[in-house]
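K.L.:
Before we start, here is the structure in question, set down as structure tokens.
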Amino acid sequence: MRLFERAIRRANIPIAMSKGFNPHPKLSIPLALSVGIRGKDEVLETELLRVMPSHSFVEHLCLQLPKEIDILSAEAVADTEKSSVRDVLYEVIFKDPGFLNTVKVDEFLQQPSIVVNRTKDGRQKPFDIRPSIQGIVVKPDRLILTIKVETEGMARPEEVVCALLGNGKKAIFEITRTKINLTSSA
């Protein structure tokens, strides 16, 4: 977040500031990444003081960002629209792709509920991840997970993979969040 605050300031982009004793730039990341998960197509929302063409915003900001960070696109949204996360796509790559031969996705998705235990405040609490699992696609070398945001919460990608493989199976995998789909509601 600070990286973008500084880059926006250096690029002289007219960003709106919060009110109060200690004003901050109006920036938000709709869904922060979990520890250990990489992101490919993340979303950053900013509020500007005046209208600025998207291509100009991208051009000015890219000049101030490290070479490792690319801006793929920018889109102007009306002030009255508020974004929320609809669903998220993850890519799961296994160190041993042989695990994918044993995965039974159809059986897994036919289950009415898939309960996992989450630890909060030192207590185990059951949580049904099935309502938020929209889809699982098996590719030759990876899984593609689509996880929907529910009012009760959403499944974590590592919970889905562990439940899919079964408790007894141990696999080493890497998770990358590839897309966040937003819904705008006025």
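K.L.:
Based on DSSP H assignment, which helices of the chain show an axial Cα extent of at least 18 Å together with a mean Kyte-Doolittle hydropathy greater than or equal to -1.0? Walk me through the numbers on the way to the answer.
P.N.:
Working: long enough: none.
Helices passing the filter in the chain: none found.
K.L.:
List every residue whose amide H lies under 5 Å from the amide H of ALA16, counting only residues 5 or more places away in sequence or on a different chain, with H placed 1.01 Å from N in the peptide plane.
P.N.:
Amide H neighbours of ALA16: LYS26, GLU47, LEU48, LEU49.
K.L.:
Using a 1.4 Å probe and ignoring any ligands, DNA or RNA, find the accessible area of GLU68 and quote it in Å² to the nearest 10.
P.N.:
The accessible area comes out at roughly 150 Å².
K.L.:
Tell me, what is the FRET efficiency for VAL115 and LYS95 to the nearest 0.05, using R0 = 35 angstrom and their Cβ-Cβ distance as r?
P.N.:
Here the calculated transfer efficiency is 0.80.
K.L.:
For a label point 7 angstrom out from the Cα of ARG10 toward its Cβ, which stretches of the stretch 49-68 have the backbone nitrogen within less than 15 Å?
P.N.:
Residues 59-68 qualify, since their backbone N sits under 15 Å from the label point.
K.L.:
Nearest 0.05, what FRET efficiency do GLU174 and VAL105 give at R0 = 22 Å with Cβ-Cβ as r? Can you show the working numbers first?
P.N.:
Working: r = 19 Å, r/R0 = 0.88.
FRET efficiency, GLU174 to VAL105: 0.70.
K.L.:
Mind checking the full-extension length gain between ARG50 and SER18? Use 0.36 nm per residue of separation minus the Cα-Cα distance, one decimal, nm. Walk me through the numbers on the way to the answer.
P.N.:
Details: separation 32, 0.36 × 32 = 11.52 nm, distance 1.53 nm.
Length gained between ARG50 and SER18: 10.0 nm.
K.L.:
On to the next question. Calculated from DSSP H runs of 4 or more alone, at -39500 (n - 2.57) each and per residue, what is the 222 nm mean residue ellipticity of the chain, nearest 500?
P.N.:
Value at 222 nm, helices only, nearest 500: -5000 deg cm²/dmol.
K.L.:
Over all directions, how big on average is the projection of the convex hull of the alpha-carbon atoms in the stretch 58-150, in square nanometres? Before the final figure, lay out the partial values.
P.N.:
Numbers: hull surface 43.9 nm².
With every direction weighted equally, the projected area is 11.0 nm².
K.L.:
Can I ask one more? Placing unit charges on C-beta atoms (Lys and Arg positive, Asp and Glu negative, everything else neutral), compute the dipole magnitude of the chain about its Cα centre in debye, rounded to 20. Working shown, then result.
P.N.:
Working: 27 positive and 24 negative charges, 105 e Å.
Once rounded to the nearest 20, the dipole reads 500 debye.
K.L.:
On alpha-carbon atoms, Rg over Rh for the chain using Kirkwood Rh? Can you show the working numbers first?
P.N.:
Details: Rg = 19.7 Å, Rh = 19.0 Å.
Taking Rg over the Kirkwood Rh, I get 1.04.
K.L.:
Can you work out the PRE-style zone for LYS148? Point 7 Å along Cα to Cβ, and I want the residues of the stretch 56-95 with backbone N under 13 Å.
P.N.:
86-88
K.L.:
Choose one answer from PHE108, PHE57, PHE21: the residue with the largest mean-square fluctuation in a GNM of the chain with alpha-carbon springs under 10 Å.
P.N.:
Between PHE108, PHE57, PHE21, it is PHE21 that shows the largest mean-square fluctuation.
K.L.:
Separate question: So, for the chain, what is the accessible surface per residue at a probe of 1.4 Å, expressed in square angstrom?
P.N.:
Counting only protein heavy atoms, the per-residue value for the chain is 67 Å².
K.L.:
May I have the extent of the alpha carbons of the stretch 114-153 along their three principal axes, as whole Å values ordered from largest to smallest?
P.N.:
39, 22, 14
K.L.:
Hey, if you drop one equal point scatterer on each alpha-carbon of the stretch 1-71 and run the Debye formula without solvent, what base-10 log of I(q)/I(0) do you get at q = 0.13 Å⁻¹?
P.N.:
Here the Debye-derived log intensity ratios amount to -0.41.
K.L.:
Continuing with this model, one more query. Measure off, as a whole percent, the carbon and sulfur share of the 1.4 Å-probe accessible area of the chain, all protein chains present.
P.N.:
On the way: 6350 of 12470 Å².
Carbon and sulfur together cover 51 percent of it.
K.L.:
Please work out the C-alpha center-to-center distance from the stretch 48-98 to the stretch 107-129 and express it in whole Å.
P.N.:
32 Å
The values are calculated or read from the model by the stated rules, or taken from the named source; none is laboratory data. Everything numeric in this text was worked out from a predicted model, so none of it was measured. Ideal geometry is used to build each Cβ from the backbone, glycine not excepted, and the neighbour counts take in all protein chains shown. Heavy atoms of the whole protein, side chains included, go into the accessibility calculation; ligands, DNA and RNA do not. Shrake-Rupley method; radii C 1.70, N 1.55, O 1.52, S 1.80 Å.
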